Amino acid sequence: MTRGSFIALTVSLQDGVVAHGVFGTRADARLCADWHGVTDPDVAATRAVALFPPDAEPVLTHNTTGGEVFTLPDEVMAVLENGTPEATARDECVIALVTVPTPEVRAAFAVGPFDGAQARRWLADALAPGRGRPAECRLLPVRASALGAARTPAATPEAPVPAVVLLDTSNGPICYGPFDSALDAALFWHDVTRTLDLANVHRAHVCDLIPPGPAAIPTPTSEEPPGDDRVRGWVVRLQDRADSDPRVVGMFADQSVARAWRPESSSSETTSPQDLLPVHQP
C-alpha cells in the first residue's frame, strides 16, 4: 500500500482495540468508524487514523511524514494492554500500533499495512536497542471492511453487490433496501442516525444480498392481495452463525417464491432459512 492509507480504530471491552480497513481516504475511514460506533453497542470509542508508511522510522526519530500522532486516554490504554488480541501468523494484513510514554499523555501512531512476515521484521527492528526513545509496539490484525475500502490500481474492477440494511428491533427484524452497494446502504443508515433517535433499534447490519440461484429466478405471478406499496420485494434471512454477520438471500419479487426457497443441494450453504422478511423502500 502506498501513501495516503488510513484505518478505522474501534475500542470495546469485548473485542479490544480493533483496526478496520485499509482505506484510501480519511473520509472513508471516518465513515467506517462512525458506522461501528452507531451500530455496535459494545463500541465505546472510535477514531480514523492516517498510517505511517511501512518504511517509516520505527520510533519517529527521522521520518515523520505520511501519518499522524495521536493520544490514547488511560481507559483505551487499559483495553489495549489487557483486552486486545495481537496478530497471528495467519493474518494477511497487519499494522503496528506504537505507543510512546510521555510525562503527561500516551502518544501513539500506526505504521503499515504489512503482511505478517514484514510486520515481524519491522517489529524486531523497532525493538532493537538504540532506536530512539522507549516505545511499546503491538501488531494488530486489520479487519477487511466493505465501507469504502481502498483497492489496488491493478485489481480487476468488480460489479457492486446489492445490499440491504437489516435492523434488529424490539418489534422484530426490519429490512430496508435494496441499495446498489454496501457503501450506499451504510451511508443511508448513517444519515438516518444523524437525524433520528431510534431507541428501539438494538443492532444494525449492512448485508450483501446472496443471489438465490437460477432456480428462483423465474417468478410466477402472485395471486396474493397487494400489501404495503412500500414493500419492494422479499428476502430470506438465514440462521445466524456464531461470530458472523447475518446472511440474507434475495431479492425475491414474489413472497410465495421466497417462502418456498431452499439452498440448492450442491450449494455450500447448509443452514436453513430463519425469517422471511419484506424489504421496505428507504
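For region 207-234, taking the residues that are out of contact with any Phe, Trp or Tyr (no Cβ under 7 Å at 6 or more places or on another chain), open to solvent by less than 90 Å² (accessible area, probe 1.4 Å) and at pLDDT 85 or above, the one that is nearest to residue 281 (Cα to Cα) is identified as 231. Is it true that residue 88 is of a type outside the set (A, V, I, L, M) and in a loop (DSSP other than H, G, I, E, B)? Here the answer is yes, as residue 88 does meet what is asked. In region 47-62, is there at least one residue being in a loop (DSSP other than H, G, I, E, B), of a type outside the set (Phe, Trp, Tyr), more than 27 Å from residue 168 (Cα to Cα) and at pLDDT 90 or above? Yes, some residue in region 47-62 is in a loop (DSSP other than H, G, I, E, B), of a type outside the set (Phe, Trp, Tyr), more than 27 Å from residue 168 (Cα to Cα) and at pLDDT 90 or above. Pairs are defined by a Cβ separation below 7 Å, a sequence spacing of at least 6 or placement on different chains, a first member in region 133-148 that is farther than 30 Å from residue 181 by Cβ, and a second member that is at pLDDT 75 or above and among the charged types (D, E, K, R); the pairs so defined are 138/86; 139/86.
The values are calculated or read from the model by the stated rules, or taken from the named source; none is laboratory data. What you see is a predicted model, and the numbers here were worked out from it, not measured in a lab. Cβ coordinates were reconstructed from backbone atoms using ideal geometry, including for glycine residues, and neighbour counts include every protein chain displayed. We work out accessible area using only protein heavy atoms, side chains counted, and drop any ligands, DNA or RNA first. Shrake-Rupley method; radii C 1.70, N 1.55, O 1.52, S 1.80 Å.
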